[in-house]
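Engineer: Here it is: the structure, laid out below.
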Amino acid sequence: MEARQLVRPAVIVGDLDSITDEVRQYYAQLGTEIKDLSYDQNTTDLQKCLNELEHRFSTQELADTTIIVAGGLGGRLDHTMSALSTLHKWPHLRLVLWGDGSMAQLLAPGKHVIRPAKESEGPTCGLVPLSGPATLSTQGLKWDLDKTVSEFTGMISTSNHIVDETVMVETNANVIWITETAL
């Protein structure tokens, strides 16, 4: 069975610059709505999709949903950086970027309890502040942080290891939580 037979999207959204005529026709025949937003070159395809989700679903429905962006990491560095930027532009959504052996999600200021899926996530992890300095405290990592200042041009917590079933992270600013994946 072909991968495209496993899932039928309700809608395909984007500037559609990389969709082939054959793929477009295949999904159109199945009744998938195809939205060509090529007139908008100021947003990425990921951002177009998030706008579509916000149009189709209520704030509460989206608040209760984790959105996994398959292919959100890896490939061209400019695309990866744009996807990481998008996490900051949609902080009210639970977005998880997944791809190329890693997962990444935004942790907003506050206390976070993370329960990694041990069979597929870790042990390697990191905390990266992309939008400015952050003061970080953690529990459940091999090298826990205790009110440690981290910034993109300074110390970044990389190559740490998850050692407990639960990881606690406290931050005073947005940071990206990154874990290695076995998928």
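Engineer: Using a ≥ b ≥ c from the Cα gyration tensor of segment 16-82 (square roots of the eigenvalues), is it rounded, prolate or oblate, where a/c under 1.5 gives rounded and otherwise the larger of a/b and b/c decides, a/b for prolate?
Structural biologist: oblate
Engineer: For the chain, which whole percent of the accessible surface, found with a 1.4 angstrom probe, sits on carbon and sulfur atoms?
Structural biologist: 53 percent
Engineer: Given the Cα-Cα distance of GLN29 and ASN172 and 0.36 nm per residue of separation, how much length would full extension add, in nm?
Structural biologist: Gain in length upon complete extension: 46.5 nm.
Engineer: Sort out for me the Cα centre separation of segment 1-28 from segment 119-141, rounded to whole Å.
Structural biologist: With segment 1-28 and segment 119-141 each reduced to a Cα centre, they are spaced 36 Å.
Engineer: All other residues with a Cβ under 15 Å from the Cβ of VAL163 taken together, and with Lys, Arg as +1 and Asp, Glu as -1, what is their net charge?
Structural biologist: Counting the neighbours of VAL163, the net charge comes to -2.
Engineer: Determine the per residue accessible area of the chain with all protein chains present and a 1.4 angstrom probe, expressed in square angstrom. Walk me through the numbers before you get to the answer.
Structural biologist: Numbers: 10790 Å² over 183 residues.
Per residue, the chain has an accessible area of 59 Å².
Engineer: On to the next question. Can you sort GLU165, GLU52, GLU170 by solvent-accessible area, 1.4 Å probe, largest first?
Structural biologist: Largest accessible area first, the residues go GLU165, GLU170, GLU52.
Engineer: Quick check: with the 1.4 Å probe, what order do LYS89, LYS48, LYS111 take by accessible area, largest first?
Structural biologist: Largest to smallest exposure gives the sequence LYS111, LYS89, LYS48.
Engineer: Using a 10 angstrom cutoff on alpha carbons, build the Gaussian network for the chain and name the most mobile of GLY75, GLY14, GLY31.
Structural biologist: Greatest mean-square fluctuation among the candidates belongs to GLY31.
Engineer: What are the lysines whose alpha-carbon lies under 21 Å from the alpha-carbon of LYS35, with same-chain residues fewer than 8 places away excluded?
Structural biologist: Cα-Cα hits under 21 Å: LYS48.
Engineer: Any idea what the alpha-carbon Rg over 2.2 N^0.38 Å comes to for segment 52-133?
Structural biologist: Against the compact-globule rule of thumb, the ratio is 1.14.
Engineer: Along the charge dipole of segment 41-183, which of PRO91, GLY75, ALA104 sits closest to the positive end, that is, farthest toward it, with unit charges on the beta carbon of Lys, Arg, Asp and Glu (+1, +1, -1, -1)?
Structural biologist: Toward the positive end, the furthest listed residue is PRO91.
Engineer: Mean-square fluctuation check for the chain, GNM, Cα pairs under 10 Å: which of SER18, SER58, SER131 is largest?
Structural biologist: SER18
Engineer: LEU183: accessible area at probe 1.4 Å, nearest 10 Å²?
Structural biologist: That residue has around 140 Å² of solvent-accessible surface.
Engineer: Which whole-number percent gives the relative contact order of segment 1-120, counting Cα pairs below 8 Å spaced six or more residues apart?
Structural biologist: For segment 1-120, the relative contact order is 19 percent.
The values are calculated or read from the model by the stated rules, or taken from the named source; none is laboratory data. Because the structure is a prediction, the values reported are computed rather than measured. We place every Cβ from the backbone using ideal geometry, glycine too, and count neighbours over all the protein chains shown. What goes into the accessible areas is simple: the full protein's heavy atoms, side chains included, and nothing from ligands, DNA or RNA. Shrake-Rupley method; radii C 1.70, N 1.55, O 1.52, S 1.80 Å.
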